[in-house]
């Protein structure tokens, strides 16, 4: 009887593990985007380093083309209090996955604190192309366009 119970328990555990699946890539990418925007709001170097691929091509809203080292070198960690840094969020997120490649498009909202205590809201359309390498999604191309 003990052997039968043990076999049943092992079968149950194996079945339960087999039914567990990773979240869909769309969910992973949306979570990655939100984690990135939270980290970018506080100039988190590690978040930027993990989000951007080493071979990134980034075209800013001003038309400047930059690379991952440009972004990382431009971070001003600790230079200004958190309350003076812009806070970033995403709306109207659209994600298309094509195997190991994905396109993530969204409207970026940048809430920029002003000296008056109020905030200026800036909006951008952002489109990122991601590749999944060694099980990890990273942005390899990025385009930002300010919404006037």
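Taken together, the values in this text are just the output of simple stated rules run on the coordinates, not laboratory data. As the structure is a computational prediction, the values presented were derived from the model and not from experiment. Glycine also receives a Cβ, built like all others from the backbone with ideal geometry; neighbour counts cover every protein chain displayed.
Values as computed for the structure displayed
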quantity	calculated
Residue identified as touching a residue at least 60 places away in the same chain (Cβ under 8 Å), within 22 Å of residue 30 (Cα to Cα), more than 15 Å from the chain's Cα centre (by Cα) and surrounded by 17 or more Cβ atoms within 10 Å (Cβ to Cβ) among 124, 130, 106, 51	124
Which numbered condition residue 70 misses (of (1) touching a helix residue (DSSP H, G or I) at 6+ places or on another chain (Cβ under 8 Å); (2) more than 19 Å from residue 29 (Cα to Cα))	(1)
Candidates 138, 143, filtered to the one that is in contact (Cβ under 8 Å) with a residue 60 or more places away in the chain, touching a helix residue (DSSP H, G or I) at 6+ places or on another chain (Cβ under 8 Å) and either surrounded by 13 or more Cβ atoms within 10 Å (Cβ to Cβ) or assigned to a strand (DSSP E or B) (or both)	138
